[in-house]
Structures are given as C-alpha cells and as structure tokens.
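The next block holds one structure in the form of structure tokens; read it before the comments.
The values are calculated or read from the model by the stated rules, or taken from the named source; none is laboratory data. In this text, all values refer to a predicted model and were calculated from it rather than measured experimentally. Heads up, the Cβs are rebuilt from the backbone with ideal geometry, glycines too, and the neighbour counts pull from every protein chain shown.
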Amino acid sequence: MRNYLNVLIVLISINTFSQNLECCNNIEEVKKVIQGDWKLIGETKNVIYRFSFNNNKGFIEVLEELNLPPKALVNHHADLIIDEHTLVNIKSKNGRFFIELISMYYQISEQIFVLNDEKFVYGKGQFEHVFIRDKG
C-alpha cells in the first residue's frame, strides 16, 4: 500500500510540473505563438496584452480596448498604452520554457505550463496567469 501511495504521489507531481506546449520545441517557436494580442482571464475585459518580439527583444504593451464603432477614429494612440516598459524574455532550462518579465519595478521568471494558439498559461497557484487569444 505504501508503494502504491508513493507511485501515485510521483505521478501527480509529474503532471503538476509538466508543460503542455502543443506547439513548440524551441524558443523561437514559443515566441512565435506568444506574439499577438491576449486577454487575461479574471481581469477586466477591456484590457489587451500585446506581446511582440523584434530582433530578439520582447515587449508587452497593455492596451485598453475602446469598443468604438468601426468608423470612429482614434487620434491619441499614446493615451491607450498603460505600461510600455515591460520587457519579455523567453528562456529554456532543462527542456522547460520560462517567461521572464522585466520592468522598472520588478523582475519575475515563471514557467510556461500551457501554450497553444488559443490559450497561454504561466505560473502556478496564486501567481498563475491564464490568457486567451483576443479574436477582436
């Protein structure tokens, strides 16, 4: 019975710390899938997180979605950006991918657990961030 319990604990641990990256085998593929607009589940629906990578540098722009009529014009693009100083770096360690976020106020590194064309999850527990692709 004790051996059965130990095997069960090991299997649960492996599942808890495993990645579900259906798309990617290297850092460049991870960047390609992350690039684009995402919405953070559980946060206001009017915020879009735009991830972009150029010349091996990654950035996050946090944009407010205005829900304007299709013919409306926006002249103040600078007013839409909440924080343009967050840098993004994707790293690989022991076959696992991590997202590193660096701003003027913090630096964090969290494991990416789920990544596909529709969903992006990094961190665990109270630090878990679940994004869905913005279709708008």
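Given the condition modelled with pLDDT of 90 or more and either outside any strand (DSSP E or B) or not polar (S, T, N, Q) (or both), answer yes or no: does some residue in region 62-72 qualify?
Scanning region 62-72, I find no residue that is modelled with pLDDT of 90 or more and either outside any strand (DSSP E or B) or not polar (S, T, N, Q) (or both), so the answer is no.
Does region 8-27 contain any residue that is under 21 Å from V130 (Cα atoms), in a strand (DSSP E or B) and at pLDDT below 85?
For region 8-27, residues under 21 Å from V130 (Cα atoms), in a strand (DSSP E or B) and at pLDDT below 85: present.
Considering only region 38-49, how many residues are part of a strand (DSSP E or B) and more than 10 Å from the chain's Cα centre (by Cα)?
2
Residue pairs, Cβ under 9 Å, 6 or more apart or interchain, first in region 113-136 and surrounded by fewer than 12 Cβ atoms within 10 Å (Cβ to Cβ), second assigned to a loop (DSSP other than H, G, I, E, B). List them.
From region 113-136, the pairs are D117/E22; D117/C23; G136/E65; G136/N67.
Within region 86-136, take every residue that is in a loop (DSSP other than H, G, I, E, B) and under 17 Å from K39 (Cβ atoms) and give me the one that is modelled with the lowest pLDDT.
G136
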